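Down below is the structure, laid out as structure tokens.
Any read-out appearing in this document is the output of simple, stated calculations on the displayed coordinates, not a laboratory observation. All values reported here derive from a predicted model rather than from experimental measurement. FYI the Cβ positions are ideal-geometry reconstructions off the backbone, even for glycines, and counts take in every protein chain you see.
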Amino acid sequence: MSGTAHPRTQTVRCGNCGRTNRIPAAADGTPKCGNCHQALPWIVDATSQDFAEVAEQSTLPVLVDLWATWCGPCRMVSPALERVARDMAGRIKLVKVDIDKSPQLQQRFGVQAVPTLLILDQGREISRQTGAAPPNVLRDWVEQTLSRRAQPA
Ligand SMILES: [Zn+2]
């Protein structure tokens, strides 16, 4: 892991105290609230240019949302994923990729339809879900994938 500071930041609201925090797109460990020190939901955008740094080099497992502006189901799935990222703050990082801005990533992951959701562990794809699903199904999928990951192979 490089210890260099990433210049790009985004803002996120602390789920515990409500304070708006700036969080880095890429960093070691987990961002914490400057006010109450709880783990913050880590929700950031990435493109082909910074996907390696933001997603593949993440120490936390990464939930990748490959979406498109013209995709109706994506508009339902994205808020559900953000909810999962908030509920699982400190355990997962949500990285959103607009495939029209990053066609290289669309090709690389063989995305045929949006939304396509990936879970990456140390840059390796460990699970994939294609198409819309209700929030509770998405959450169960993420929880089950992470619990499998925690067990010895
Ligand atoms: Zn807080």
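Ellipticity at 222 nm from helices only: DSSP H runs of n ≥ 4 in the chain, each -39500 (n - 2.57), divided by the residue count, give -8000 deg cm²/dmol. Taking amide H atoms as placed 1.01 Å from N in the peptide plane, the amide H of LYS96 lies under 5 Å from those of VAL44, ASP45, ALA46, ASP65, each 5 or more residues away in sequence or on another chain. In this calculation the C-beta distance from ASP87 to GLN49 is compared with R0 = 22 Å, giving a FRET efficiency of 0.15. Dividing the Cα radius of gyration of the chain by its Kirkwood radius returns 0.94 for Rg/Rh. Farthest towards the positive end of the charge dipole of the range 41-150, among the residues GLN129, SER147, LEU63, is the Cα of SER147, using unit charges on the Cβ of Lys, Arg, Asp and Glu. Across the range 102-110, rounded Karplus estimates of 3J(HN,Hα) from the backbone phi angles (6.51 cos²θ - 1.76 cosθ + 1.60, θ = phi - 60°) give 9, x, 5, 6, 4, 5, 4, 8, x Hz, Gly and Pro being marked x.
Here MET88, MET76 are placed in order of increasing Cβ neighbour count within 10 Å, fewest first, which gives MET76, MET88.
Computed from backbone phi with θ = phi - 60° and the Karplus coefficients 6.51, -1.76 and 1.60, the 3J(HN,Hα) list for the range 24-40 is x, 5, 9, 6, 6, x, 10, x, 10, 5, x, 9, 10, 6, 7, 4, 8 Hz; x is used for glycine and proline.
Estimated at 0.36 nm per residue, the fully extended path between THR11 and HIS37 surpasses their Cα-Cα distance by 7.8 nm. Here the calculated FRET efficiency for SER147 and ASP28, from their Cβ-Cβ distance with R0 = 25 Å, stands at 0.55, rounded to the nearest 0.05.
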